[in-house]
Each structure stands twice: as structure tokens, then as C-alpha cells.
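A short worksheet on the structure shown next.
The values are calculated or read from the model by the stated rules, or taken from the named source; none is laboratory data. Computed from a predicted structure; not experimentally measured. Methodologically, a virtual Cβ is constructed for each residue, glycine included, from the backbone with ideal geometry; neighbour enumeration extends over all protein chains shown. Just so you know, the surface numbers come from the protein's heavy atoms only, side chains and all, with ligands and any DNA or RNA stripped out. Shrake-Rupley method; radii C 1.70, N 1.55, O 1.52, S 1.80 Å.
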Amino acid sequence: MTDTRYLKKRGGRWSFQIAVPKDLQKRFGKAVITQSLGTSEIRLAKDLRWKYLAAAKEAFLKARDGQGLSSEEIEELAQKELR
């Protein structure tokens with residue numbers, strides 16, 4: 001069985017999905033962050049998710065320190081990591 005933690009298939013494409021911690025949901029305005037990975041290949045999605053996970057965790061830490069990040073900023077951080 002393949003490891004699909006943080007991954008969700010939507011319309012034939014893979015997305016990264018992570019639950020926002022309860023204490024930050026009001027700040028982020030949502031309970032779950034979902035970002036398209038832009039691929040239908042599970043192997044690539046599995047590699048990409050770790051970059052998105054790192055960006056999301058950084059955003060959660062910054063939000064707890066009073067420096068909130070939007071989901072768009074999380075996407076930007078992840079894309080920066082990919083380059």
C-alpha cells in the first residue's frame with residue numbers, strides 16, 4: 001500500500017492537504033489547507049508533499065509567533081522550495 005499522507009486526489013490530479021491546528025483556524029480562516037500539486041503522477045506528488053508540509057509547518061510556527069501567513073503565502077513558500 002502506498003503512503004498518501006497529506007495527499008488527496010481531486011479530478012485526476014494530486015493535491016497537498018493538511019489540517020490547520022485548532023488554535024490557528026480562526027487566523028487562517030479555515031480548518032484545512034489544500035493546494036494543488038499540479039500532477040497526476042503519484043510518485044511526483046509523494047515527493048512534492050514534503051516541501052508543502054515544511055512550508056505549512058513554518059507558516060503555523062510564524063502564525064503562533066504573531067506573523068501570520070495566508071494559504072497563498074504557504075503556496076509561495078512551497079514553490080520557492082521546489083525551485
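Screening GLU72, GLU81 for residues that are out of contact with any helix residue (DSSP H, G or I) (no Cβ under 6 Å at 6 or more places or on another chain) and modelled with pLDDT under 90 leaves exactly one candidate, GLU72. Scanning segment 29-58 for residues that are more than 23 Å from ASP3 (Cα to Cα) and free of Cβ contacts under 8 Å to residues at least 24 places away in the same chain yields a count of 1. Residues of segment 5-19 that are in contact (Cβ under 8 Å) with a residue 12 or more places away in the chain and either open to solvent by less than 20 Å² (accessible area, probe 1.4 Å) or at negative phi (or both): ARG5, LEU7, LYS8, ARG10, ARG13, TRP14, SER15, PHE16, GLN17, ILE18, ALA19.
So how many residues does segment 25-44 have that are open to solvent by 40 Å² or more (accessible area, probe 1.4 Å) and either over 20 Å from GLY66 (Cα atoms) or not in a helix (DSSP H, G or I) (or both)?
We begin by selecting, within segment 25-44, every residue open to solvent by 40 Å² or more (accessible area, probe 1.4 Å); these are 25-27, 29-32, 34, 36, 38, 40-44.
Filter once more, so that each one left must be either over 20 Å from GLY66 (Cα atoms) or not in a helix (DSSP H, G or I) (or both): 29-32, 34, 36, 38, 40-44.
Number satisfying all stated conditions: 12.
Name the single residue that is nearest to GLU73 (Cα to Cα) among those in segment 7-60 being within 12 Å of the chain's Cα centre (by Cα) and of a type in the set (Ser, Thr, Tyr). Taking the candidates together, the pick is TYR52. Of all the criteria given as (1) loosely packed, with under 12 Cβ neighbours inside 10 Å; (2) at pLDDT below 85; (3) basic (Lys, Arg), the one not satisfied by LYS22 is (2).
Please tell me if ALA59 is on the phi < 0 side of the Ramachandran plot, hydrophobic (A, V, I, L, M, F, W, C) and modelled with pLDDT of 90 or more. It would help to see each step written out before you state the result.
Values: on the phi < 0 side of the Ramachandran plot: yes; hydrophobic (A, V, I, L, M, F, W, C): yes; modelled with pLDDT of 90 or more: no.
No.
Is it the case that segment 45-63 has a residue that's open to solvent by less than 20 Å² (accessible area, probe 1.4 Å), outside any helix (DSSP H, G or I) and of a type outside the set (Asp, Glu)? No, that holds for no residue.
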